[in-house]
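One structure is given here, and the rest of the page talks about it.
The values are calculated or read from the model by the stated rules, or taken from the named source; none is laboratory data. For clarity, every value in this text was computed on a predicted model and none was experimentally measured. FYI the Cβ positions are ideal-geometry reconstructions off the backbone, even for glycines, and counts take in every protein chain you see. Note: accessible area is taken over every heavy atom of the protein model, side chains too, but ligands, DNA and RNA are not part of it. Shrake-Rupley method; radii C 1.70, N 1.55, O 1.52, S 1.80 Å.
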Amino acid sequence: MKTRMCKPFLFLFVLGFIVSFQSFAQKTSFTTPESYFGFSPGTDRKMFDYEELISYLKKLDEESPRLKLVEIGKSPMGKPMYIAFLSDEKNINNLEPLRRINRELALNPSLTDAEREEMAKDGRVFVLATLSMHSGEVGPSQSAPLVAYKLATADSPELTGWLKDVVYMMVPSHNPDGMDMVVHNYKKYVGTKYEGASLPRVYHKYVGHDNNRDFVILTQEDTRAIARIYNQTWLPQVMVEKHQMGSTGTRYFVPPNHDPIAENVDAGLWTWVGIFGQNMQNDMTNAGLAGVSQHYIFDNYWPGSTETCLWNNVIAFLTECASAREATPIYVEPNELSVGGKGLSEYKKSINMPLPWEGGWWRLGDIVEYEITSTMSILKTASLHKEKILKFRNDMCRREIQKGLTKAPYYYVIPKKQHDESELVDMINLIRSHGIDVFTLKSDYLLNGRQFLAGDFVVPLAQPYRALIKEILEKQKYPVRHYTPGGEMMKPYDITSWSLPLHRQVTSYEIETRDKGLEADIQKVENDINLAGAYPGDFKSAMFSVNDNAGFKAAFIALEQGIPVSRLTADAAIDGKVLPKGSFVIQNSKKSSDTWKIIQDEIKIMPVFYNGNEELKLEEVNAPRIALVETYFHDMDAGWTRYIFDTYHIKFTVLHPGEIESTDLSGKFDVLIFPDDSKSMLMEGKWGRNGQYSMSRYAPEYVKGLGKKGLEKVLTYIDDGGLVLSWGQSTALFEGLHKITKGKEKEEFQLPFRDISSSLQKDGLYVAGSLMKISLVKDNSLTLGLPPEIGIFSRGRPVFATSVPIFDMDRRVIGHYADENVLMSGYVSHPEKLYDKGAMVWIKKGKGQLVLYGFSPQFRASTQASFKLLFNAFFLTPVQN
């Protein structure tokens with residue numbers, strides 16, 4: 001059978017598309033996408049930006065009674081975000097009653113059979129589609145006007161029949177900021193030698209591709225706007241997130257996913273996901289769209305993507321389309337087509353790809369057609385099974401609550417008293433933002449031999465979102481699966497640990513027995529938790545414990561506002577409360593009133609107020625002048641670091657590697673930070689290893705690295721008294737033999753550490769993005785406010801071995817992997833290889849210091865337990881020679 005898509009098809013596709021709806025459109029004079037934009041979406045080398053997209057949808061909203069555009073929030077850079085509701089006119093006029101039906105079906109287990117039947121009849125299947133969250137994956141958002149026009153103007157009995165049963169909720173761009181960045185960058189170079197050059201930054205204010213890793217911790221404004229749709233406001237029954245993938249593999253991925261899958265997600269949800277996926281495979285293949293694959297590459301074990309709503313009982317899945325070079329066509333030779341890994345080992349006809357694509361031209365227009373066809377298939381399936389899907393949503397509500405009443409665990413109890421109270425507050429409020437009910441004990445209660453206190457928090461699992469409660473509060477244990485019995489393990493697509501209590505060092509107890517007395521002694525938390533009360537009218541200083549991450553935040557706010565801040569150099573007892581060494585003392589004065597307003601608004605714990613009655617041992621601290629090294633190459637870890645810094649009011653300057661050689665580092669900065677990025681990218685501005693590099697996809701002005709002179713500048717900065725913080729792959733910059741120029745002489749030296757992770761991996765070590773236990777040295781400036789052991793997020797590299805230094809160097813191992821029970825959550829093979837190995841090292845060279853982390857201390861803003869290891873470093877005192 002000859003497959004399509006080997007030559008341009010767009011003209012015929014759009015012509016047929018317009019003709020099929022000509023009669024209805026002529027009657028009502030709807031504005032076509034082509035007439036509005038001046039080109040048909042999907043045309044080679046043509047794209048519209050976010051503002052143009054929304055402007056068109058607003059125009060269509062004015063013209064069509066089937067479309068209603070509703071604002072749902074703001075992007076991180078302040079752009080309004082929308083849902084385009086597309087359905088039958090009657091449904092559009094009755095969205096609020098339909099929303100109430102959604103809510104009852106999703107959250108009310110006590111509906112009578114008659115009520116369920118009536119709601120299944122009167123309700124509609126709400127299908128949420130989020131488009132192009134990864135903004136370089138342009139096709140889904142570029143197809144949005146055509147989908148909207150088709151649904152808003154159709155008069156075919158089949159399609160209008162679907163719209164009677166279904167409300168399509170299209171988020172036309174999940175990432176408005178990134179969409180504009182990518183489209184404007186493309187337009188900058190289109191028609192030039194560098195057409196299709198990659199965007200020289202992350203396509204988001206902060207996190208780039210990692211916006212699809214944020215749906216547990218909900219740090220980003222756009223993430224929260226999307227999550228509210230499925231867990232609090234509209235509660236759709238079906239969700240699809242539309243992506244793109246590489247150019248030389250299959251053309252399209254539809255569910256089912258490959259193993260492993262999440263064990264906390266009910267089997268019925270996986271079955272429904274499979275039904276939608278199989279129908280897409282059938283409909284797309286029947287339409288002649290070749291290369292559609294299933295059971296390929298993408299597992300569905302970890303939450304964090306938009307599909308996290310699976311744990312909220314939504315039938316949720318993703319699609320992935322092969323990419324062009326944004327709007328630039330590419331030609332793929334048959335010999336360049338390949339697959340590998342999960343689900344497909346050869347690019348051949350198989351049960352997981354029954355109609356292979358044969359190669360040829362691949363265009364944005366092809367992507368647009370695949371997206372329109374897959375979307376219509378989803379709507380058709382939702383319509384065909386309308387009543388079953390609506391009843392299933394209520395079945396899931398009943399089923400999950402029944403599990404919570406009959407199957408362990410029954411509750412998570414989280415004591416109010418914690419080492420870091422601020423992380424307790426943030427965690428409880430985060431749990432509530434997922435649509436989960438949290439309760440407090442009304443009185444002291446003895447449970448399973450453990451005494452809990454009035455005010456302690458209780459999260460019962462007898463709730464509709466039981467699967468999500470268990471997933472985010474338990475310790476993770478990766479479900480090991482193999483390709484063949486006893487054969488190679490299926491490795492996870494992403495990380496294997498996300499436990500909120502463990503990642504935040506918050507004590508939580510999983511209760512394995514049901515206790516009706518406990519259930520009678522709890523009351524629901526109705527509002528976000530705030531442990532801070534009213535501040536007194538007059539006080540000399542406010543003291544924030546170093547144990548609390550929020551204490552650092554309060555100090556950074558004060559420093560940002562120019563208010564004097566000191567740290568305790570010894571423990572202090574104030575009004576019966578002991579504040580440990582390193583705690584912050586913020587002075588009060590008439591000019592600091594605005595600062596206290598900011599602190600009271602953002603800090604949800606109560607400080608200790610000091611009026612000068614006790615003698616304190618203090619050391620004043622200053623705001624550090626920080627330079628953050630960020631490459632142009634979609635540097636997500638640097639982006640997460642920027643997010644943390646902005647959230648904590650930490651002032652910083654971004655330096656690109658190529659700028660370092662010409663920058664006065666010592667004159668401008670106290671701290672130089674190298675986040676997790678490869679040595680080759682930092683040094684050469686290219687991907688590569690062992691001297692072999694790949695060609696850059698960026699315009700030449702963005703590919704300059706540190707180079708040898710830039711690295712020597714950094715090393716000289718350290719030698720002269722500077723402080724460098726480096727973690728992950730960037731620590732390789734500082735390994736091996738180095739030379740710096742001192743006057744007329746060259747000094748050669750080797751810092752007293754090396755990365756031994758490669759040899760450990762050869763011996764069988766494999767850490768699958770897990771939470772690992774490290775032991776910390778006591779009474780060290782870098783470990784102030786931390787317990788003796790914490791969890792850090794590790795991929796098992798780098799791992800440090802130190803050596804006895806010579807000349808003007810020294811070193812201390814600040815944290816090492818524990819010698820037993822090193823795995824706290826996730827998966828590791830041969831954990832014994834890590835026992836006692838270095839995870840964090842402090843190094844002295846000349847007058848300066850270098851702190852090396854074998855992990856990202858701020859990993860995706862989700863490892864609050866290790867934040868202090870970063871924050872404390874900002875206040876290291878200069879080396880005394």
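Remarks
- Count of segment 313-328 residues which are in a strand (DSSP E or B) and of a type in the set (A, V, I, L, M, F, W, C): 6
- Pairing residues of segment 501-522 that are open to solvent by 40 Å² or more (accessible area, probe 1.4 Å) with residues that are of a type in the set (D, E, K, R) and modelled with pLDDT of 95 or more, at Cβ distances under 8 Å and at least 6 apart in sequence or on separate chains, gives LEU502/LYS475; GLN505/ASP420; GLN505/GLU423; TYR509/ARG450; GLU510/GLU474.
- Total residues in segment 243-284, condition in a helix (DSSP H, G or I), small (Gly, Ala, Ser) and open to solvent by less than 10 Å² (accessible area, probe 1.4 Å): 1
- In segment 758-806, residue surrounded by the fewest Cβ atoms within 10 Å (Cβ to Cβ) [restricted to those that are touching an Asp or Glu at 6+ places or on another chain (Cβ under 8 Å) and within 14 Å of TYR827 (Cα to Cα)]: GLY769
- Among residues of segment 523-539, those that are closer than 17 Å to VAL459 by Cα and open to solvent by less than 30 Å² (accessible area, probe 1.4 Å), counted: 2
- Index of the failed condition, GLY487 passing every other in (1) within 24 Å of ALA865 (Cα to Cα); (2) without any contact (Cβ under 8 Å) to a residue 60 or more places away in the chain; (3) among the small types (Gly, Ala, Ser): (1)
- Just one of (1) in a loop (DSSP other than H, G, I, E, B); (2) surrounded by 15 or more Cβ atoms within 10 Å (Cβ to Cβ) fails for GLN600. It is (1).
- Taken together, the residues in segment 827-881 that are aliphatic (A, V, I, L, M), more than 19 Å from ASP755 (Cβ to Cβ) and modelled with pLDDT of 95 or more amount to 5.
- Residue tally, condition of a type outside the set (A, V, I, L, M), assigned to a helix (DSSP H, G or I) and surrounded by 24 or more Cβ atoms within 10 Å (Cβ to Cβ), over segment 214-227: 2
Each row is one residue, and each column tells you yes or no for (1) among the β-branched types (Val, Ile, Thr); (2) at negative phi; (3) buried (at least 20 other Cβ atoms within 10 Å of the Cβ).
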site	(1), (2), (3)
GLY78	no, no, no
GLN142	no, yes, yes
LEU146	no, yes, yes
ASP155	no, yes, no
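- Among the residues of segment 404-428, just one is part of a helix (DSSP H, G or I), within 19 Å of VAL265 (Cα to Cα) and either in contact with a helix residue (DSSP H, G or I) (Cβ under 6 Å, 6 or more places away or on another chain) or among the acidic types (Asp, Glu) (or both), namely GLY404.
- Count - residues of segment 736-755 that are closer than 30 Å to ASP494 by Cβ and either open to solvent by less than 20 Å² (accessible area, probe 1.4 Å) or among the aromatic types (Phe, Trp, Tyr) (or both): 1
- Looking across segment 106-135 at every residue that is open to solvent by 30 Å² or more (accessible area, probe 1.4 Å) and assigned to a loop (DSSP other than H, G, I, E, B), the one that is nearest to SER87 (Cα to Cα) is identified as ARG124.
Matching residues to (1) within 24 Å of the chain's Cα centre (by Cα); (2) touching a residue at least 12 places away in the same chain (Cβ under 8 Å):
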position: LEU310; (1), (2): yes, yes
position: THR319; (1), (2): yes, yes
position: ALA324; (1), (2): no, yes
position: ALA327; (1), (2): no, yes
position: ILE330; (1), (2): no, yes
position: GLU333; (1), (2): no, yes
position: GLY340; (1), (2): no, no
position: LYS349; (1), (2): no, no
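- Inside segment 254-280, residues that are of a type in the set (Phe, Trp, Tyr) and under 12 Å from ASN300 (Cβ atoms) make up a count of 1.
- Residues of segment 357-377 satisfying the condition of being touching a Ser or Thr at 6+ places or on another chain (Cβ under 9 Å) and either buried (at least 22 other Cβ atoms within 10 Å of the Cβ) or without any contact (Cβ under 8 Å) to a residue 12 or more places away in the chain (or both): TRP357, TRP362, ARG363, LEU364, GLY365, ILE367, VAL368, GLU369, TYR370, GLU371, SER374, THR375
- Considering segment 477-571, the qualifying strands (runs of 3 or more DSSP E), each wholly inside and each with 1 or more residues that are within 33 Å of the chain's Cα centre (by Cα) and on the phi < 0 side of the Ramachandran plot, run over 509-511, 522-524, 541-544.
- Scanning segment 440-473 for residues that are open to solvent by 40 Å² or more (accessible area, probe 1.4 Å) and part of a strand (DSSP E or B) gives TYR445, LEU446, ARG450, GLN451.
- Residue check: TYR331 meets all listed conditions (1) open to solvent by 20 Å² or more (accessible area, probe 1.4 Å); (2) in contact with a strand residue (DSSP E or B) (Cβ under 7 Å, 6 or more places away or on another chain); (3) not in a strand (DSSP E or B) but one, namely (3).
- Residue tally, condition of a type outside the set (S, T, N, Q) and either open to solvent by 30 Å² or more (accessible area, probe 1.4 Å) or farther than 24 Å from LEU786 by Cα (or both), over segment 581-597: 6
- Residues satisfying the stated conditions in segment 169-211, i.e. of a type outside the set (Gly, Ala, Ser), in contact with a strand residue (DSSP E or B) (Cβ under 9 Å, 6 or more places away or on another chain) and open to solvent by 10 Å² or more (accessible area, probe 1.4 Å): VAL190, GLU195
- Remark: pairs (first residue in segment 662-673, buried (at least 18 other Cβ atoms within 10 Å of the Cβ); second residue part of a helix (DSSP H, G or I) and among the aliphatic types (A, V, I, L, M); Cβ separation under 7 Å; 6+ apart in sequence or on different chains) = LEU672/LEU665; LEU672/VAL714.
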